[in-house]
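Reviewing the structure listed below.
The values are calculated or read from the model by the stated rules, or taken from the named source; none is laboratory data. No experiment lies behind these values; they were computed from the predicted model shown. Please note: Cβ atoms are built from the backbone with ideal geometry, for glycine as well, and neighbour counts cover all protein chains shown.
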């Protein structure tokens, strides 16, 4: 073992950061205590004065390129056990031979991957040999040389070793059958990291149609590839795959998702326009259409309102400057905005609430809730009143709401509505108990008094007397009711 | 608090000459240091971030040393990205096999919240190896487990992979005296209902309200009644917290006020003291009292803040709706409650959670309701949530009832595919289709809704239902209880069928015989995809009742909001 290596060994051991050790039986892994020490020893890593660009592979060996590829180099003095971990060895002939693992794969290994030093090899081949080699140079190499492929592991062992973070060359899995056996082994091994690694290899070495075809019957592997493509952002390949699988809805959604990355609103709008034709379900198509229309509207409203605000001509914008732009907000927020700033506009304008309501088929309930919240915020009690007032054909007015009046009360209260306004709605709450509790809570004395009177509950009414101010009109009212001989009290 | 804070805080890192700490975010770190060390989870996004830094340095001719430490392990895909970005040789990589973080005396977390989405939504098996290694580690520390039970596909795979590792290593654990009697592995998708419920035990409520991160919580100014926030470690060491954590919220007030009265009394004792007694008091008791005083005031502050927030949110009404969903009563009413919740633009996560709860207890929403709720949701919270709905459908959390006939036909076909695991061709893609929740039937079979005769006394709970105000026994915990009681799955066949199976039960007779009686009563409950504080409280209760001790290993602590957020497609 060279000195450098020995130093490295020491370094690993001292730092507890032994990423992966070669000895399978070494199983101290990462005990919790060690984890603690590991962080404490961070300095060892950071302070490492070794100026060489130290590259460490999965095995902890210095390597030149991605670990499981064939290009890897390793110091030839590595001990035999460690040697197994590396891929193709350099300086082949002098290298110790390793037994081949499983015979069933020896056939395919005859057709195995390209050589480490192709030009050099073929040159020497050409010098020393004749004939056949030109057709099948690989076939003709001395048997001993194959042993240089030190990791002739069976697919199962390859997977096992990869699961344990060890270097394994996949390049020798060249036949489709070999690749698939390897993939199936990876899936059977339950380690997603290895499954993905194999898929990366397959993706690189198989035409996509063939890969897709094989994955179609391998659902677990398929999930891994889809997830991998999503994560790496290989959108085009992902879409091809989904199309191949006839998952048209996912194709559409996957394309639609891209809009999230578009910051510029104009571009986003254009993109969404393009999404409308995608193969969504009928239901989703209308959502996408709405999304596009909404953004289109918002762009128009935003341009107008910014102008209005800047010019300072509109009172409402002067009084309540906008806190944020309306772009990319949900529909309900947009409706609120429009009820706040554009309530009285005629239906013809894009920014009018009625127009929004019609265009997006906003249900009554939703509309009333939002309009109520907006008008209450502005303390426009007249508008609130109008929202619930309906006239019948005889001209009588009546208050009606598509939501419970207790909700109305709650929203009004949150916006600090005066008692006079509140009590008008509290007394419309149908459930007597809720009405009483709301009225008591918000000090709508008249409602409380009337309700107790209707309930003919003398005890409660008497008790309530102490809740009202002494000498107030309310107290007087209670007294007069209590003195009313015509009421038949229940208690 | 991050897992790193639990192990090495800033001052320790400083002592080891770490110049500055940065969060790996989208912005590059503006450091002048010539050595960077990235301690990261193996994520593609993070690799790109690092590659950008390295490449930017290269462009500006700056030379630095870069080290990436992957925790808990390196992924091949990450290396691929480094290679593609042309920085492979420029950075050195390492692994920190950090699997277990003990959050408390009985809770170990792997701190892998991404496990949930990666496995259950994307069908990616990348973390199974980590789970297997965590088990291996526990096994080596505490000896072999006598019995192993499990339910769920991931549980089974993790178990198999772990056995594989174990056989190969002829582990250190073999010679040890077993300290853990049995282990129970459970997939989160066995029971989504429990994870979706509002929590009402104190610890769960604190998690739902303030978010406990890594066993620590940030109490803001509204709790501390000062102008600064305080970070508090919540664990068994906190004398006040440890007594209320498992209690139903309603009994917490009483406890705290009793406690303050006692404290007052102890302070008051000093009045009649002579000098010597006073000296004793100051030197021996005062510090403890002060400490207790500080903790008491914090938890009282937290309770107040919780109360304030919950009253504002109609918590009472929400709990009522939840309970009717669990019991299957007044579904119409609950549906309109959810609708109103959405229309009023109350928290998007809460609305989504309630919809999922409705779906999963009802085996999917009636198509008409599904469409209308979805439309209103998109209108209230943004059209891009179309993607969220798609995710929820795929994972089976929010589905639309299909016409009876077709589903059963598809189902039978799918279940055949699913059980055909010969070639490892398990069909995860059909996961959601295959997983009909069957909650109502399971609930009936296992008696999850306690029949009420009179009030449920939350101060003197009689079963695990107390963690949900006596309205519901958490399914996950009930399964564990039943299996431990029966020492296997016998007699639970019908439940298993409804749960979609994938159960196992293995006993290691040598380990079982070798274990001391006390060790045999220790149960390691492993939750794959996260467990909630309510479940922990329920099992602690069960442990007390049955004379056993539960230890929890979870991929992460979860709650309904985290489950929903994992499914949500964020605005870019």
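Being part of a helix (DSSP H, G or I) and more than 24 Å from the chain's Cα centre (by Cα) is a description that applies to residue B:494.
Scanning the range B:370-385 for residues that are surrounded by fewer than 22 Cβ atoms within 10 Å (Cβ to Cβ), assigned to a helix (DSSP H, G or I) and facing chain A (nearest Cβ under 7 Å) gives B:371, B:384.
Between B:164, B:208, B:218, the distinction of being surrounded by fewer than 24 Cβ atoms within 10 Å (Cβ to Cβ) and either within 18 Å of the chain's Cα centre (by Cα) or part of a loop (DSSP other than H, G, I, E, B) (or both) belongs to B:208 only. Comparison of A:407, A:375 shows that the only residue that is closer than 23 Å to residue A:442 by Cα, surrounded by 14 or more Cβ atoms within 10 Å (Cβ to Cβ) and within 14 Å of another protein chain (Cβ to nearest Cβ) is A:407. Exactly one condition in (1) modelled with pLDDT of 95 or more; (2) within 11 Å of chain B (Cβ to nearest Cβ) is not met by residue A:262; state its number. Result: residue A:262 passes all but (1). Looking across the range B:355-364, the residues that are in contact with a strand residue (DSSP E or B) (Cβ under 7 Å, 6 or more places away or on another chain) and either buried (at least 22 other Cβ atoms within 10 Å of the Cβ) or part of a helix (DSSP H, G or I) (or both) come down to B:358, B:359. The numbered conditions (1) touching a residue at least 40 places away in the same chain (Cβ under 8 Å); (2) exposed (fewer than 13 other Cβ atoms within 10 Å of the Cβ) are all true for residue B:237 except (1). Exactly one residue among A:180, A:202, A:206 is surrounded by 22 or more Cβ atoms within 10 Å (Cβ to Cβ) and touching a helix residue (DSSP H, G or I) at 6+ places or on another chain (Cβ under 8 Å), and that residue is A:202. Residues in the range A:328-368 that are surrounded by 15 or more Cβ atoms within 10 Å (Cβ to Cβ), in a loop (DSSP other than H, G, I, E, B) and within 13 Å of another protein chain (Cβ to nearest Cβ): A:328, A:329, A:330, A:360, A:362, A:363. For residue B:254, the criteria (1) more than 23 Å from the chain's Cα centre (by Cα); (2) within 22 Å of residue B:463 (Cα to Cα); (3) crowded, with 17+ Cβ neighbours inside 10 Å hold in every case but one, which is (3). Of all residues in the range B:91-110, exactly one satisfies the criterion of being over 30 Å from residue B:232 (Cβ atoms) and more than 7 Å from chain A (Cβ to nearest Cβ), namely B:91. Screening the range B:12-58 for residues that are at pLDDT 90 or above and farther than 30 Å from residue B:126 by Cα and picking the one that is farthest from the other protein chains (Cβ to nearest Cβ) gives B:56.
When restricted to residues that are part of a loop (DSSP other than H, G, I, E, B) and closer than 20 Å to residue B:312 by Cα, the range A:398-417 contains 5.
Please determine whether any residue of the range B:1-11 is more than 11 Å from chain A (Cβ to nearest Cβ) and free of Cβ contacts under 8 Å to residues at least 40 places away in the same chain.
Checked against the condition, which is being more than 11 Å from chain A (Cβ to nearest Cβ) and free of Cβ contacts under 8 Å to residues at least 40 places away in the same chain, the range B:1-11 yields at least one hit.
Of note, residue B:187 satisfies the criterion of being modelled with pLDDT of 95 or more and farther than 25 Å from residue B:347 by Cα.
Based on this model, can you work out whether residue A:425 counts as modelled with pLDDT of 85 or more, in the same structural domain as residue A:479 (by the TED database), buried (at least 19 other Cβ atoms within 10 Å of the Cβ) and in a helix (DSSP H, G or I)? No; evaluated as a whole, the condition is false for this residue.
Conditions tested, residue by residue: (1) within 8 Å of another protein chain (Cβ to nearest Cβ); (2) at pLDDT below 95.
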| residue | (1), (2) |
| --- | --- |
| A:223 | yes, no |
| A:229 | no, no |
| A:241 | no, no |
| A:292 | no, no |
| A:304 | no, yes |
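If you scan the range A:181-215, which residues turn out to be at the interface with another protein chain (Cβ under 10 Å from one of its Cβ atoms) and more than 20 Å from residue B:74 (Cβ to Cβ)? Within the range A:181-215, A:183, A:184, A:185, A:187, A:188 meet the criteria. Among the residues of the range B:69-76, is any buried (at least 17 other Cβ atoms within 10 Å of the Cβ), in contact with a helix residue (DSSP H, G or I) (Cβ under 6 Å, 6 or more places away or on another chain) and more than 10 Å from chain A (Cβ to nearest Cβ)? The answer is no; no qualifying residue exists.
If you scan the range B:74-104, which residues turn out to be within 18 Å of residue B:532 (Cβ to Cβ) and assigned to a loop (DSSP other than H, G, I, E, B)? Once the filter is applied, which keeps residues that are within 18 Å of residue B:532 (Cβ to Cβ) and assigned to a loop (DSSP other than H, G, I, E, B), the range B:74-104 yields B:103, B:104.
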